[in-house]
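First up is the structure itself, then whatever we jot down about it.
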Amino acid sequence: MRAAWRDLSERLGPGTLRDILLVNLAVGIVGVSYGAITVGDGLPLWAPNLMSIVVLGGASQFLFTGIIGAGGSPVAAVLAGLLVNARHLPFGFALADTVKNRPVLGSYLMIDEVVAFALSEKDPVRRRLVFFTCGACLWVFWNIGSLLGGLLGNAITDTDTFGLDAAFPAVLVALVMPALRDRRTRTLALVGAVVAVAVTPLLPAGTAVLLALAALALLPLMRGAGEAS
């Protein structure tokens, strides 16, 4: 085991391996928050762990828990999670060559952090090694974190006391912040946020975030304006 670890460190370089482990340690800490919040919201202990294994998508898992915890329907929660994970489609196009030998496993491990590390590598062989190494580490850290968080949620019952409820919006904000550098994306996000806030008092919990996607109807108009200028 130690020899295999040493070989991996030599092939990746100690700096890259260290960065992968540090990022996934942070992922594990977020997993603790996720497990605690999910169990604290009344879901059984097996729920966050099953979702972490089957879904393996932090944003969609947090969104699902947030909608269910707010009293929303499971259908709205699943649809919202699917929409959030739609971003993996362009990921798949960008990394098609990287995962072509193991498409099922590659699709399963295609998480934001894994994609970011892989796309930073120009050499195809090294990119493949980084992708699957980071993906395996993320799977371990995220699942251990969500299990510990679930046990913690059972112990403290009120996760809001420790501020763990803030992890849900914080994770989503962290995910969208890089995209907001683009002016067009900022405009769409602002319109969607206004729509969601406006209809929240009028609609069942969890459906406002789906209606916020109406902002995407502005995209063709914005493209046309950009081409005209």
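Ordered by packing density, taken as the mean number of other Cβ atoms within 10 Å over each peptide's residues, highest first, how do 144-152, 78-86, 96-104 rank? Show your work: numbers first, answer last.
On the way: 144-152: 21.4, 78-86: 16.2, 96-104: 13.1.
Top of the packing list down: 144-152, 78-86, 96-104.
What is the calculated FRET efficiency for Val194 to Leu22, with r their C-beta to C-beta distance and R₀ = 35 Å, to the nearest 0.05? Efficiency, from the Cβ-Cβ distance: 0.40.
Among 29-36, 130-137, the peptide with the highest mean count of other Cβ atoms within 10 Å heads the list, and the full ranking is 29-36, 130-137. Per-residue 3J(HN,Hα) values for region 68-83, derived from phi via the Karplus relation 6.51 cos²θ - 1.76 cosθ + 1.60 with θ = phi - 60°, read 5, x, 7, x, x, 7, x, 5, 4, 5, 5, 4, 4, x, 5, 5 Hz in sequence order (x marks Gly and Pro). Of interest is the spacing of the C-alpha centroids, which for region 114-140 and region 46-105 amounts to 19 Å.
Coordinate-derived values only; no laboratory data. What you are looking at is a predicted structure, and each value in this text was computed from that prediction instead of being measured. Note that each Cβ is placed from the backbone with ideal geometry, even for glycine, and that neighbours are counted across all protein chains shown.
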